[in-house]
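The values are calculated or read from the model by the stated rules, or taken from the named source; none is laboratory data. Everything numeric here is computed off the predicted structure, so don't read it as measured data. For neighbour counting, all protein chains shown are included, and Cβ atoms are generated from backbone atoms with ideal geometry for every residue, glycine included.
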Amino acid sequence: MPRGIKRRAVADAVLDEPETSVLDVLDHVLTKGVMATGDVTLGVAGVDLIYLRLSALLCATDRVMPAAPRRRARSRR
Amino acid sequence: MKSTGTYVYCVVAAERRPAVTRTRGVAGTVRLIEQGRAAALKKWLVVSDVPLDRFGEAAINAKLSDLEWVSRAAVAHEAVVESFSNAAAVVPMKLFTIFTDDDRATANFRAQGEVVDAAIKRVRDRIELGVRVTLDGARSQAPPPRRASTGAAYLAGKKSQRDRAVELARNAREVVAELYDQLSTVASDAIRRPASELPIKGGPLLLDAAFLVPRTATARFRKVVERRAKELEPGGYRIALTGPWPPYSFVRD
């Protein structure tokens, strides 16, 4: 199914913001998710801090991350 | 000394053992560790062996400022979790959840059996969708006061500009609250995050919400978002929909 094309035609109103894709992934995997604290990584402190720092560098993030085409395709669905 | 740890991506619950379609993880080869049952479903931990010289506590702490490294790990983690999205339920872990070995990982999840089972029940046959609303700065801004010929006119212009801004802010709050409520009725659960946490291009972030949506209602949810996006677009509101995500926002109590 030609998702991208169809979505473009619908309206610019449902915005696809591919430049936020890696940040979205970071947001999910760093600030959400469960619960288990691995015994090896008990002392990996300040995951929230990493996130804040990373989000401040959002633009740079996407430049260094050519490896996320999947997320882009999916967010257009 | 043992040189690898057990990296846990997620717990997956399904009727039958799922195929591992994404074999490369953050490091090492992705594999499953059977964990018994949750109601009628079997459970597995999705793991890979990661070298502790790169993924030990000290090594990770030292690398946290390396944006590219963390981003690659995050994308790899997410890709593994997503590869199980066809299973009945996926309970994703946070990035860098690493145990000394399989036994320690299994013991940890056994100890949390009830919590995991409750999460599985909550997210079964559901996906997460993210909705963000921003206000387009250019469209929503009050026009500058016209060049005033007198001091009084100038002040009046300033006042009307300020009144308009207040009015816009009040409207915006109402609009997003209504949108959130409307989308919540299509979803099983919803979470609204305090706005402002994410730096967003294109104007102030008015709504940053996640919705847990039954797979059967996903199309309907998208239609509602699209319709509302079109209706709100002339007012300068922009709605972004992301996902489907594994239910990251709904696996904790």
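Worth a mention:
- No other residue among B:V81, B:V47, B:V115, B:V20 is touching a helix residue (DSSP H, G or I) at 6+ places or on another chain (Cβ under 7 Å) and either more than 30 Å from B:V186 (Cα to Cα) or not in a loop (DSSP other than H, G, I, E, B) (or both) apart from B:V47.
- The requirement of being within 18 Å of the chain's Cα centre (by Cα) and at the interface with chain A (Cβ under 10 Å from one of its Cβ atoms) is fulfilled nowhere in region B:98-113; no residue meets it.
- Flag for B:R220 being modelled with pLDDT of 95 or more and on the phi < 0 side of the Ramachandran plot: yes
- Region B:204-221, residues that are crowded, with 16+ Cβ neighbours inside 10 Å and touching a helix residue (DSSP H, G or I) at 6+ places or on another chain (Cβ under 8 Å): B:L206, B:L207, B:A209, B:A210, B:F211, B:L212, B:V213, B:A217, B:F221
- Filter pass, B:W44 being farther than 21 Å from B:D103 by Cβ and aromatic (F, W, Y): no
- Single residue of region B:1-58 satisfying the filter (out of contact with any Pro (no Cβ under 7 Å at 6 or more places or on another chain), of a type in the set (V, I, T) and buried (at least 19 other Cβ atoms within 10 Å of the Cβ)) that is nearest to B:W69 (Cα to Cα): B:V26
- Identity of the residue in region B:38-56, more than 25 Å from the chain's Cα centre (by Cα) and of a type in the set (G, A, S), that ends up nearest to the other protein chains (Cβ to nearest Cβ): B:G56
- Qualifying positions in region B:84-97 - assigned to a loop (DSSP other than H, G, I, E, B) and more than 8 Å from chain A (Cβ to nearest Cβ): B:F84, B:S85, B:N86, B:A87, B:A88
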